[in-house]
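The values are calculated or read from the model by the stated rules, or taken from the named source; none is laboratory data. Just so you know, these numbers come straight off a predicted model, no measurement behind them. Here the Cβ positions follow ideal geometry from the backbone for every residue, glycine too, while neighbour counts run over all protein chains shown. When the accessible area is computed, the model is the full protein with side chains, heavy atoms only, and any ligands, DNA or RNA have been set aside. Shrake-Rupley method; radii C 1.70, N 1.55, O 1.52, S 1.80 Å.
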Amino acid sequence: MRKVKLNILGLSYSQTQTGAYALVLAEEDGNRRIPIIIGGVEAQAIAIQLEELEPPRPLTHDLFKSFAIAFSIKIVEVNIYRLHEGIFYSELICESGNNRVRIDSRTSDAVAIALRFKCPIFTSEEIIEKAGITLSIEGESDDSKIAPVKDVKSSHEYRKSNPFEGYSKSQLQDMLDAAINNEDYEKASQIRDELERR
């Protein structure tokens, strides 16, 4: 069956599950979108890589990458190969020398790892037909509900008022460094957004 390449469109707070996020994958050569509900920890692992934040100590997916590189294992692609009762099943396609191995993975972990290895993400035409949301001809779409990654990590309080408004750039930089050292990546991304806004 024909493979369909997917790109990460963004993350959004889940409208159906408290504390969860919707990871939205977009068909590269089309207008279909696949929303996948993932947990907050997994969303953070994906957002950190997309935001290019550097954690002071390796997170689980960074450790996986270091381990794989140390043993000359390359992740060549991620394949979302099955959709059953609303759950997406994925696999990592790995190569080491002449050996190619498929490793079962949760889709959220597979996407986080794909970002770190800069490898493509694929699914099948059958899955995107089942789970895909198609844009309308007029250009109206569910994309209006999808916020870019840098916008979704703000807290409710941050959206109402900017708590960093009264700080100088140098103070914000110090706060950013402290937040990263404390592994408070949500706060770090908010401070980084404020620095970029200025």
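Carbon and sulfur atoms: what percent of the 1.4 Å accessible area of the range 13-132 do they account for?
Numbers: 3260 of 6450 Å².
Ligands and nucleic acids excluded, carbon and sulfur reach 51 percent.
Which distance in nm do the two modelled labels at Glu52 and Asn7 give, with both placed 7 Å along the Cα-to-Cβ direction?
Label-label distance for Glu52 and Asn7, simple model: 1.7 nm.
So what is the relative contact order for the range 53-124, in percent, with contacts set as C-alpha pairs under 8 Å and at least six apart? Write out the running numbers ahead of the final one.
Details: 113 pairs, mean separation 23.6, N = 72.
Relative contact order, the range 53-124: 33 percent.
Just the accessible area per residue of the range 3-88, please: how many Å² with a 1.4 Å probe? Working shown, then result.
Working: 4700 Å² over 86 residues.
Using a 1.4 Å probe on heavy atoms only, each residue of the range 3-88 averages 55 Å².
Between Thr134 and Ala20, 0.36 nm times their residue separation minus their Cα-Cα distance comes to what? Spell out each step's value before the answer.
Values: separation 114, 0.36 × 114 = 41.04 nm, distance 2.29 nm.
Full extension from Thr134 to Ala20 adds 38.7 nm.
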